[in-house]
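The values are calculated or read from the model by the stated rules, or taken from the named source; none is laboratory data. The model shown is predicted, which means the values in this text are computed figures rather than measured ones. Every residue, glycine among them, receives a Cβ derived from its backbone with ideal geometry; neighbour counts consider all protein chains shown.
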Amino acid sequence: VYSMLRDVKNPSSLQVRVLEYARKMTKVDPLKASELIDKLIEEFNIERDRAVQIVNVMPESIEELRVFFTGSKGKLVTTSQLKKILELLNKYRLQKSI
């Protein structure tokens, strides 16, 4: 949404509000999101659907990240692996100015 609306020449008031919301809620550069998804798949053998969900949420703690692996069929993810995944997410995380 953000990448679509940011280039609109004369946005309506609704488009401006949606753009502001998208700007506040974006946690990863849209151009880098697919790269991050691919890295999660390649480096950690995560299914594409799960990788997309992780990137959409961009968890900030091991506890938040662990939720994505609860109930996984035959997939045991160690705390060490979760830390490495979190480190990768942090490399791509947008820093928000307050």
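Here are the numbers for this structure:
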| quantity | calculated |
| --- | --- |
| Long-range neighbours under 9 Å by Cβ, at least six apart or interchain, first residue in contact (Cβ under 8 Å) with a residue 40 or more places away in the chain within segment 17-37, second assigned to a strand (DSSP E or B) | 27/93; 28/93; 36/28 |
| Filtered residue count, segment 27-75, keeping only those that are polar (S, T, N, Q), over 12 Å from residue 85 (Cβ atoms) and not in a helix (DSSP H, G or I) | 2 |
| Flag for residue 91 being of a type in the set (Lys, Arg), on the phi < 0 side of the Ramachandran plot, part of a helix (DSSP H, G or I) and surrounded by fewer than 12 Cβ atoms within 10 Å (Cβ to Cβ) | yes |
| Selection within segment 18-43 - out of contact with any Asp or Glu (no Cβ under 8 Å at 6 or more places or on another chain) and modelled with pLDDT of 95 or more | 35, 36, 37, 38, 39, 40, 42, 43 |
| So residue 42, is it closer than 24 Å to residue 25 by Cα, more than 11 Å from the chain's Cα centre (by Cα), charged (D, E, K, R) and surrounded by fewer than 12 Cβ atoms within 10 Å (Cβ to Cβ) | no |
